[in-house]
């Protein structure tokens, strides 16, 4: 799953540490999300979307794999 978290965070002038504190996660979690090494739980995805006043789909991009 791809995401626009880093782009959105930087546009709003928010540091990883600030976002992590607001979401009650570690800065490393934010970094891992932004680098695509970690997919958020549904609860964390909702928290992120609510924090930015956006829908989950505006932040996280799900692309199905075509295994045909």
Which residue pairs have Cβ atoms closer than 7 Å, lie 6 or more positions apart in sequence or on different chains, and pair a first residue in segment 11-26 that is free of Cβ contacts under 8 Å to residues at least 40 places away in the same chain with a second residue that is part of a loop (DSSP other than H, G, I, E, B)?
20/26
I need every pair where a residue in segment 32-59 that is on the phi > 0 side of the Ramachandran plot and free of Cβ contacts under 8 Å to residues at least 60 places away in the same chain has its Cβ under 8 Å from the Cβ of a residue that is in a loop (DSSP other than H, G, I, E, B) and exposed (fewer than 13 other Cβ atoms within 10 Å of the Cβ), sequence separation at least 6 or different chains.
36/1
Filtered residues of segment 26-57 (kept if under 10 Å from the mean Cα position of the chain (by Cα), part of a helix (DSSP H, G or I) and closer than 15 Å to residue 2 by Cβ):
32, 33, 34, 45, 48, 56
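The numbers here are math on the coordinates, done by the rules we state, and not lab data. Quick caveat: nothing in here was measured; it's all calculated off a predicted structure. No Cβ is skipped: glycine too gets one built from the backbone with ideal geometry, and neighbour counts run over all protein chains shown.
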